[in-house]
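**Q** Dumping the structure here so I can ask a few things about it.
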Amino acid sequence: DVAGFAISDSHSSSSSLARETANPLTGTGSMLFTTTGGTNSSYPRMYATTSSADDLCRLPADPVVGEKYKLTMTTKLVSGSVKMNYVGFGDDINANISTDDITFSGTQTHVIEGTMTAIAGSNEEVLWFAFDGTQHGSLLIDSIKVEKTGVQGFVTKLYDQSNNSNHAEQTTA
C-alpha cells in the first residue's frame, strides 16, 4: 500500500507515488512509482514510513550487522525505463543489502537477499529503494515482504591452543 511509503531526496528528478487501483498487480492495489527529468544516477529514493510497520517493510528496532534478510516484491513496468540502484535499510547507502542494478521489464517477481554489513543513519530499520534518476518511467510495485533469514557467523571466542585455558572472548557483538 502506497500509504506506507514516501519519496525522499529526489534531487533533479520529479518523482511521485500513487496508489494504482485501475490495474493493480494483485487485487488490493499497487504502488505506482513515477520519475521524470532526473540527471542523478543515485536518486530518487523511496522509503517505508512508520505507517508501514504492519506491512513487514521494517526491520526489528535494533538491527545487527551480520543479520541476513530476504526481500520479495512483484513489479510491472508501466512505461519508459526504470532502474533501481540499491535496496537497503537505514538512510545511507552503506547499509544496503543489495547493490545489484535492477532494470525492470514486463511483470517480474524479485527476490533480493543480503547480509547487513553496516548499520547507518537515524532510521536504521527502515527499508529504502534507490532508483537511477537518469531513467524515466513508471513502475508498479506490490507484495513487498521482508524476512530475516539468518545470521552471518561471527567469532565470539578464540580458544587457546596451548592448553592453558586463556581463551580470548568478545562479549560485545
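The values are calculated or read from the model by the stated rules, or taken from the named source; none is laboratory data. All values derive from a computational prediction rather than experimental measurement.
**Q** Which one is farthest from the chain's Cα centre (by Cα), of the residues in the range 142-156 that are modelled with pLDDT under 75 and not hydrophobic (A, V, I, L, M, F, W, C)?
**A** Here is the first cut: in the range 142-156, the ones modelled with pLDDT under 75 are 151-156.
Add one more test, that the residue is not hydrophobic (A, V, I, L, M, F, W, C), and what stays is 152-153, 156.
Details: Gln152: 19, Gly153: 22, Thr156: 29 Å.
Looking at residues that are modelled with pLDDT under 75 and not hydrophobic (A, V, I, L, M, F, W, C), I get Thr156.
**Q** Take the residues in the range 54-98 that are over 14 Å from the mean Cα position of the chain (by Cα) and among the small types (Gly, Ala, Ser), then tell me which one is modelled with the lowest pLDDT.
**A** Only one residue tops the list, namely Ala61.
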